[in-house]
1. Under a 1.4 Å probe, what is the accessible area of the chain per residue, stated in Å²?
2. For the chain, which whole-number percentage of the solvent-accessible area (1.4 Å probe, protein heavy atoms only) is attributable to carbon and sulfur atoms?
3. Please compute the net charge surrounding LEU48, taking Lys and Arg as +1 and Asp and Glu as -1 over other residues with Cβ under 13 Å from its Cβ.
4. Could you compute the net charge surrounding SER62? Neighbours are other residues with a C-beta less than 15 Å from the C-beta of SER62; K and R count +1, D and E count -1.
5. Among ARG34, ARG47, ARG26, whose mean-square fluctuation peaks in a Gaussian network model of the chain (Cα, cutoff 10 Å)?
Amino acid sequence: MDVTVDIVAVLGTAEMKISQVLQLGRGAVVELERLVGEPVELRVEGRLLARGEVIATDDKLSVQITEVVKFST
């Protein structure tokens with residue numbers, strides 16, 4: 001269990017055409033499919049591990065876990 005893994009917090013996703021992506025610049029807004037208040041997903045190696053809510057701790061954003069999903073190997 002002494003293996004380091006990357007944990008990714010997924011706020012939401014969006015589908016865009018490449019031409020739209022290329023037009024993005026500073027200040028652009030990308031609307032995500034997720035609604036305000038919906039849980040953020042925590043993923044390990046692309047697999048869902050937990051859900052939670054975004055909180056601010058000191059000067060950083062964090063995710064407070066509200067639900068752990070059954071994670072089988």
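1. 90 Å²
2. Roughly 54 percent of what the probe reaches on the chain is carbon or sulfur.
3. Net local charge, LEU48 excluded: +1.
4. -2
5. Between ARG34, ARG47, ARG26, it is ARG26 that shows the largest mean-square fluctuation.
The values are calculated or read from the model by the stated rules, or taken from the named source; none is laboratory data. Quantities reported herein were computed from a predicted structural model and do not represent experimental measurements. Because the Cβ atoms are built from the backbone with ideal geometry, glycine has one as well, and the counts that use them run over all protein chains shown. Remember, those area values only see protein heavy atoms, side chains included, never the ligands or the DNA or RNA. Shrake-Rupley method; radii C 1.70, N 1.55, O 1.52, S 1.80 Å.
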